[in-house]
Structure formats: structure tokens, C-alpha cells
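Working notes, beginning with the structure itself.
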Amino acid sequence: MITVTNLRKTYRQGERTVTALDDVTLSVPKGSIHGIVGHSGAGKSTLVRCLTLLDRPTSGAVVIDGRELTAVRDSEVRTARRRIGMVFQHANLMDSRTAAQNVAHPLELVKTPKTDVNRKVAELLSLVGLTEFADAYPSQLSGGQKQRVGIARALASDPDVLLCDEPTSALDPATTEDILTLIRSLTHTLNLTVLVITHEMHVVKRICDSVSLLERGRIIEHGPLREVVSQRGGSLGRSLMPLPAGTVGEGLPELELLLVGDTASAPVLSELTRRFDANVNVIAGTVETLGGSRFGRLRVEVDSPRPLSEITAYLEGAGVHVEVAA
Ligand SMILES: Nc1ncnc2c1ncn2[C@@H]1O[C@H](COP(=O)(O)OP(=O)(O)OP(=O)(O)O)[C@@H](O)[C@H]1O
């Protein structure tokens, strides 16, 4: 488990003080994956640097499985850092070393006996599905295979936490799927705590159990996927489940509906048509399963002799989140 409490990081820029992280608090249970999303300049890189002790936070604490990382002395930073495995956008492998030698590198740095290194490297390469490529050089590997080697290397020190910084941003869609599946399965197999920094909502949807939105150094929305998607007026929900753009109605009153869980499967619209003598025209819609729950977001035009307020009251009563769109 990783717990970040009131983390703050300020930088001096000439006369100015820049607050890159402002009171960041988050907690990720063991065996789960937490996504951190945010625009450029939101503070994502600063968070990564503070979590990995490449940069000391100005104040606040980072605790991994009960041990406060931020309290370690400079002389112990290198050892403490081994509790966090890092996966980067580019695997940054050493070209002159084979896949196996790249994975072995962190173990050699701490003078692990050769037989232990060999056993561990074989184990890790098997875990990421690259046993047959142990002797291949990076130039002989695809982007996805290089990323697998990078993941195996990150796991070499048996970390408690895996910190993935844009792990699939440089990969094509099919390879992205493979790598995300691998991260998900490793999380369960090794009972890891995983933080994924990403700008790709697809990554959050695909593997994260919970998510935080970072903006100007602050977490402005956070929670399990199911909760953030159902949050009224939340921007994460809209980013995770956007409506197709460019749809134009006939000028009738428009409602945006969010249907969650069982409501997403219930015949709410046909019931609406009957009760309110209404014509309901769906002008945009999307249905997805996120965090194990089914969600539907619909933009509909409603033509009814009854007031719109009665219709929205009925829908809300049926468990639908309603916003009057136009
Ligand atoms: N070493 C530094 N000195 C001064 N200011 C810094 C330093 N590092 C980051 N900042 C400032 O802190 C803020 C957050 O920057 P950071 O690089 O963490 O954002 P980011 O979300 O990672 O952006 P990107 O996605 O573009 O990498 C920015 O305003 C940036 O200018």
C-alpha cells in the first residue's frame, strides 16, 4: 500500500515561488492500480520525482507498506528507492546488453550473487513472456518487447510499488493492449501497488481501479472509477466517457442522461415515452463497462406536451442523472 499525505513541493524561479504540488493526499491499496491524470504542467513529473526521492518534497509524507520513505536519510535513499519499480514511456534499455543482461543490471548493482541473478532473471523473463528472447539485443526487439524487458527490470528488486510513467504512450494500440494486460496481471500475481501516470483515458478505463485528476498541483477529483464516472458535473467522468462530437439535434429540448449500473440496462426511455406521451430521439450515446459497472451516457431530444421539469423529476426518481443540455 502506498499513502501520500499532504505532499507539497515548491520551486524557486527567480523571485517567484512555484507550487508544483499542493497538498497532495492519496492512498492506493495493495493489489490495486491507481491512475493519475492531468494536463501538461499539472505536476505529474514532480509527483513522480518526489515519490522516487529523485526530488525531496518540501513537506508531506510518502509511506510504503508502513515505512515512511520521505523520512530516510540521503545515505539510505538508494536502498529505499528499490521499493519502487519504475516503468517509463521508453524502456531506456542499454543497447550493448541483451534482454537478460538488462534485467540483471539492477541486481548486479547491489552485488547479488551470480547464481541468484541468473535464477531471478529467468523467472522475470518468464513472467513477462520473453524467455525465448533472453539473448536478444534491444535492436532485435519490438517496442512492446522492449517495454516488457523494462517491466522485468523494474521488478528485479522485488518492489512493493510499481510506478508507471506514461507506460504505453509510445506504443501502437495492439501493443498497448498487451502491455496493459501484462501490468494488470502482474499486479494480481505479485500483489503489487501500482501507480500509473498517464494522459490516456483509455489506459485508466482499461486497467485502473481508481483515479485522481491533478490540476495545478492539486488533486481536484479522485475516487474509484465507478464513483468518478457517476459524479455530477465532474470532468473526469466526461473525459472517461465522452459523447461523440458533432451531433446536432432538431432544436427541441435536450437532456443529457447518465445511467449507472442496473439503470443502464433498464427500459427507462420506453417508459418515458409511454408516461409522458413523448417522442424521444437519441442524438448521441455511449455505453461502457468501467470498474465492473455498466454506464450509459445519452444525449436525447424530448418532444412532449408535459413540462420538462416533470420529465427530469421522473428520470431522477428512476435513478438517472439528468442535466438539461439545451
Ligand atoms: N525544477 C523546477 N524548477 C522550477 N519549476 C519547476 C521545476 N520542475 C517543475 N516546475 C514547475 O512545476 C509545475 C509542474 O511541472 P511538472 O513538470 O511536474 O508538470 P507535468 O504535469 O509533469 O507536465 P508535463 O506533462 O508537461 O511533463 C510547472 O509549473 C513547472 O514549471
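The values are calculated or read from the model by the stated rules, or taken from the named source; none is laboratory data. If you're wondering where the values come from, they're calculated on a predicted model, not measured in any experiment. Neighbour counts run over all protein chains shown; Cβ positions are idealised from the backbone, glycine included.
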Looking at the range 13-20, is at least one residue in contact (Cβ under 8 Å) with a residue 60 or more places away in the chain and more than 10 Å from the ligand (Cβ to nearest atom)?
-> no
Single residue of GLU323, GLU250, GLU316, GLU301 found to be assigned to a strand (DSSP E or B) and surrounded by fewer than 15 Cβ atoms within 10 Å (Cβ to Cβ) | GLU323
Listed by range, helices (runs of 4 or more DSSP H) wholly within the range 91-166 having at least 3 residues that are in the same structural domain as GLY66 (by TED's automatic domain parsing) and farther than 28 Å from HIS199 by Cα are 99-109, 114-127
Residue count, the range 29-77 (criterion: in a loop (DSSP other than H, G, I, E, B), closer than 30 Å to ARG226 by Cα, within 16 Å of the ligand (Cβ to nearest atom) and not aliphatic (A, V, I, L, M)) | 6
Looking for whichever is basic (Lys, Arg), crowded, with 19+ Cβ neighbours inside 10 Å and modelled with pLDDT of 95 or more here; the options are ARG148, ARG119, ARG97. Which one fits?
-> ARG148
Close pairs from the range 93-107: first without any contact (Cβ under 8 Å) to a residue 40 or more places away in the chain, partner part of a loop (DSSP other than H, G, I, E, B), Cβ under 6 Å, at least 6 apart | THR98/ASP135; THR98/TYR137; ALA100/ALA134
Determine which single condition VAL260 fails, assuming it passes every other condition in (1) in contact with a His (Cβ under 9 Å, 6 or more places away or on another chain); (2) touching a residue at least 60 places away in the same chain (Cβ under 8 Å); (3) of a type in the set (Val, Ile, Thr); (4) in the same structural domain as LYS205 (by TED's automatic domain parsing).
-> (4)
Just a yes or no: is a residue in the range 206-217 surrounded by fewer than 16 Cβ atoms within 10 Å (Cβ to Cβ), in contact (Cβ under 8 Å) with a residue 24 or more places away in the chain, more than 13 Å from the chain's Cα centre (by Cα) and within 16 Å of the ligand (Cβ to nearest atom)?
-> yes
